[in-house]
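The values are calculated or read from the model by the stated rules, or taken from the named source; none is laboratory data. What you see is a predicted model, and the numbers here were worked out from it, not measured in a lab. Please note: Cβ atoms are built from the backbone with ideal geometry, for glycine as well, and neighbour counts cover all protein chains shown.
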Amino acid sequence: MSEPKKAEPDEDLLEFLGGIDEANDESRGEDFADFLANADIDKIADAAEQPKAKPYPLKTCVVSDEKLGEMGAPYVFKHEGREVKLCCQSCLKDFNKEPAKFLKKIEAAEKK
């Protein structure tokens, strides 16, 4: 009986894992399976268990009222379990000054 072939790591998977191309680095004597076995499984599991953020209901920036996407890709982040989209990262400073004010605008849009 011949020894089974060793699977080669999927290049897309390596890129997905943060471009860790050294996962099959023979100089370290570690193959891909060893890399996965040593991965921080607790962190991966914790990330998977995070509750999904409430989706952002507006088509505009909650701070500037600019249409999202007109200034490039929106700046997206989570705040208190809710997805927030801003027209640009510069609006984050204003959002952080008065988050309750802007969250009320988002909540009002959800009720419509």
Reported set for the stretch 61-101 where residues are under 22 Å from P51 (Cα atoms) and of a type in the set (A, V, I, L, M, F, W, C) is V76, F77, V84, L86, A100
One residue is enough: does the stretch 85-100 have a residue meeting the conditions at negative phi, free of Cβ contacts under 8 Å to residues at least 24 places away in the same chain and in contact with a helix residue (DSSP H, G or I) (Cβ under 8 Å, 6 or more places away or on another chain)? no
Which number in (1) at pLDDT 95 or above; (2) surrounded by 12 or more Cβ atoms within 10 Å (Cβ to Cβ) marks the one condition that D34 misses? (1)
